[in-house]
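See structure below.
What follows is calculated from the coordinates using simple rules that are stated; it is not laboratory data. All values derive from a computational prediction rather than experimental measurement. All Cβ positions, even for glycine, are placed from backbone atoms using ideal geometry, and neighbour counts span all protein chains on display.
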Amino acid sequence: MKSRIKFVQGQLNAKGLNAGPEDGIMGHKTLAALDKIDGIPSNWAKQRKVIAFIQLLAQEKGIESCKVDGYWGPQTSFAFESLQHVQDHNEEPERWRPEDLPDANPNDWPKQTPEAELIRYYGQVESNQTKIDLPYPHKLSWQTSRVINRFSCHERVHDGLKKVLTRVRDHYGLDEIKRLRLDLWGGCLNVRKMRGGNRYSMHSWGIALDYDPTRNQLKWGRDKASFAKPEYNKWWEIWEEEGWVSLGRLRNFDWMHVQAAKL
Ligand SMILES: [Zn+2]
């Protein structure tokens, strides 16, 4: 927290708002400076204001399209790292342009919120599951000696998923699939709550898949995640043309994950 406050003090001072010494301690000057910023509700707790200011800065610099809610999540964490990068190296990170992505939805996947909408479309969590026979063999990412040829998924995503993986196989071929680690399967159906929340994860319906989680860790942005590299563009296009959503491509975190629900 101290490094965040210090960073925020520097930015407030750069805006001429007199946040006091940049010492990482939240004093009354820093608070008064934060209260001069438009878009931060004055009744929020101090720490929440600090985070909201970081989110506003990220928006201002076009780093991330994250919401200004004063809560620290993977997106804000990534935005913060980028802001620090700009400060330390005096250069803008590459702009993030999720709006350039196609927004196909041939299967009419529902939105992930509200949950009631999702339940209307898919039913209760863990219901309506079927097995998919895979167009190319997968390996368990946590035990790569184990090859699998099928796994459980929701029956309403089955055909779309099969189409995607068939196209992946036909486009890349088995050798490239291996080299690019497009066969390292990190799971599909898994009933659990989202991290830091009480809503169910998309995995609970068997409508989300993870691939190569070790090289695409939850909090990693496009600077670190292997799936953000250009050689994976086709991989993502194939998913997107079928209406699947990559959190990496749209929100720049959780690059391992792809889901049949719109944001
Ligand atoms: Zn996932």
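When the chain is fully extended, how far beyond the present Cα-Cα distance does K229 get from K111, taking 0.36 nm per residue of separation?
Value of the extension gain: 39.8 nm.
Can you tell me the order of 149-157, 224-232 when each peptide is scored by its average per-residue count of other Cβ atoms within 10 angstrom, highest first?
149-157, 224-232
For the stretch 103-259, please report how many Lys pairs fall under 15 Å Cα to Cα, leaving out neighbours fewer than 8 apart on the same chain.
Counting lysine pairs in the stretch 103-259 gives 4.
Given the chain, what whole percent of its Cα pairs are spread farther than 33 Å?
30 percent
By a straight-distance test (C-alpha under 17 Å), which lysines pair with K49 as possible cross-link partners, with residues fewer than eight away in the same chain excluded?
Result set, ordered by chain and number: K2, K6, K15, K29, K36, K67.
So what is the 222 nm mean residue ellipticity for the chain from helices alone, if each DSSP H run of at least 4 adds -39500 (n - 2.57) and you divide by all residues, rounding to the nearest 500 deg cm²/dmol?
Taken over the chain, the calculation gives -12000 deg cm²/dmol.
Counting alpha carbon pairs within less than 8 Å and at least 6 residues apart, what relative contact order, in whole percent, applies to the chain?
It rounds to 16 percent for the chain.
What fraction of the Cα pairs in the stretch 2-89, stated in percent, has a spacing above 18 angstrom?
35 percent
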